[in-house]
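The values are calculated or read from the model by the stated rules, or taken from the named source; none is laboratory data. Predicted, not measured: the structure shown is a model, and the values here were computed from it. In this analysis, Cβ positions are derived from the backbone assuming ideal geometry, glycine residues included, and neighbour counts consider all displayed protein chains. SASA here: full protein model, heavy atoms, side chains in, ligands and nucleic acids out. Shrake-Rupley method; radii C 1.70, N 1.55, O 1.52, S 1.80 Å.
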Amino acid sequence: MPQDVWNSELQDVLDKASVSLNYSIDHVVEIRAEVRRGVEDLEKELETLKLEVVEVIEANDSVGIAYRKARVNLAQAAERQDNAAQAKAYEEAEHYMKLKGSFEERERNLRRRRDEVEREKVRLERILTRSEETMSKLRLAMEILKNRLEDMNQLGTERDYKMVALALRFAEQENLRLARDIHDGPAQQCSGAILLLDHMQKNLQLGRGEQAFQEADRLREQLKDALGEFRTFLLRLKPVGLDLSLEKGLSRLAETLKERYGVEIAVTLQGRPDSLPSMLRVNLYRIVQEATMNAIRHGRARKVQILGSFGAETVSLKVVDDGIGFDVHAEHVKAQERGSYGLTNMEERARFAGGSFRIESAPGRGTIVSLSVPVGEV
């Protein structure tokens with residue numbers, strides 16, 4: 001097919017896709033707004049229910065005290081054989097017993113409704129999470145259509161199109177990983193922080209100041225962890241310094257991870273890393289970033305070395321750690337079974353750049369991730 005005909009058909013497809021994506025984005029935005037309003041309403045109701053539960057418990061405790069007092073009065077009146085006082089104490093005890101039963105039934109109903117609201121809130125929050133994943137994909141597609149159309153029209157070989165398809169897959173996988181990691185990390189930590197706030201509020205209402213301060217200390221630590229995770233995610237979304245050079249990007253990566261995890265990370269580069277093409281620079285950074293994060297999170301490494309050699313024709317990089325190591329083949333199989341893209345992404349990024357990639361590791365021996373890429377490929 002002639003190139004101009006291909007470009008014309010590609011343009012037509014992209015125009016139609018753009019219209020469809022715009023409609024889809026608007027529709028998802030409307031759904032998210034409606035669901036978010038539902039979550040906000042449930043949060044308000046949940047807060048009211050929690051306060052009412054505390055009030056009912058306190059009232060029931062007061063009635064319990066009055067009931068026990070009436071029972072004591074009844075026993076004393078019976079000992080004195082004071083029929084009038086005995087009848088009065090009996091009526092009071094019966095009244096408080098019925099009142100106590102009413103409060104207990106009210107508490108059960110409030111707790112039941114509270115549990116229903118919490119379940120519905122979790123369900124809506126899951127919808128929000130899934131819709132955010134969908135929005136990420138749609139925004140990514142729109143960004144590609146908006147900013148990359150000219151580059152795509154200039155593609156001329158099968159390899160060019162495969163490179164674009166692979167790049168899109170990298171971006172989609174990274175979006176999914178970020179969504180999953182945020183849900184499993186900071187989102188859970190923030191949910192835990194809300195529970196701690198609830199406990200702290202209850203302790204304050206019941207006059208248990210010491211317990212409330214303990215909850216506040218735990219809350220502070222949990223929020224610090226969540227903030228650290230968010231900063232790590234921001235680094236994944238927009239690497240600091242990488243727009244200037246690979247050296248600055250890797251140095252900033254090392255500083256951030258050292259601060260976040262307390263791991264010793266050394267970056268040693270030889271040659272001219274600042275002269276790399278942008279696409280190659282990003283690919284190399286992502287491979288090193290993935291290898292370093294794996295060393296810290298999965299390998300439990302305390303020391304990591306990032307080594308690089310930049311020649312006129314070839315770039316070589318190594319990430320060496322002192323972690324617990326792993327069985328490379330077995331880990332590949334497990335990663336494929338659980339749908340994890342980390343190891344595969346590193347390998348495919350290296351191949352995408354026309355280079356070679358190797359992982360050397362064994363249980364108890366640490367890990368060495370090596371790659372070599374010809375500069376002229378990208």
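Things to note:
- On the stretch given as the range 75-133, residues that are closer than 25 Å to residue 58 by Cβ and among the acidic types (Asp, Glu) total 9.
- Matching entry among 137, 98 (being in a helix (DSSP H, G or I), open to solvent by 60 Å² or more (accessible area, probe 1.4 Å), modelled with pLDDT of 80 or more and farther than 22 Å from residue 47 by Cα): 98
- Of residues in the range 41-56 being over 14 Å from residue 106 (Cα atoms) and touching a residue at least 24 places away in the same chain (Cβ under 8 Å), the one surrounded by the most Cβ atoms within 10 Å (Cβ to Cβ): 42
- Qualifying residue in the range 114-128 (condition: in a helix (DSSP H, G or I), surrounded by 13 or more Cβ atoms within 10 Å (Cβ to Cβ) and modelled with pLDDT under 75): yes
- Just so you know, in the range 243-266 the residues that are open to solvent by less than 50 Å² (accessible area, probe 1.4 Å) and touching a strand residue (DSSP E or B) at 6+ places or on another chain (Cβ under 7 Å) include one that is modelled with the lowest pLDDT, and it is 257.
- Extreme residue, farthest from the chain's Cα centre (by Cα), among residues of the range 59-94 that are without any contact (Cβ under 8 Å) to a residue 12 or more places away in the chain and within 29 Å of residue 110 (Cβ to Cβ): 91
- Count of residues meeting criterion [surrounded by 14 or more Cβ atoms within 10 Å (Cβ to Cβ) and modelled with pLDDT of 90 or more] in the range 267-286: 2
- Any hit, the range 342-356, residues being open to solvent by 30 Å² or more (accessible area, probe 1.4 Å), out of contact with any helix residue (DSSP H, G or I) (no Cβ under 6 Å at 6 or more places or on another chain), charged (D, E, K, R) and part of a strand (DSSP E or B): no
- Residue check, residue 365 at pLDDT 80 or above, open to solvent by 30 Å² or more (accessible area, probe 1.4 Å), in contact with a Gly (Cβ under 9 Å, 6 or more places away or on another chain) and basic (Lys, Arg): yes
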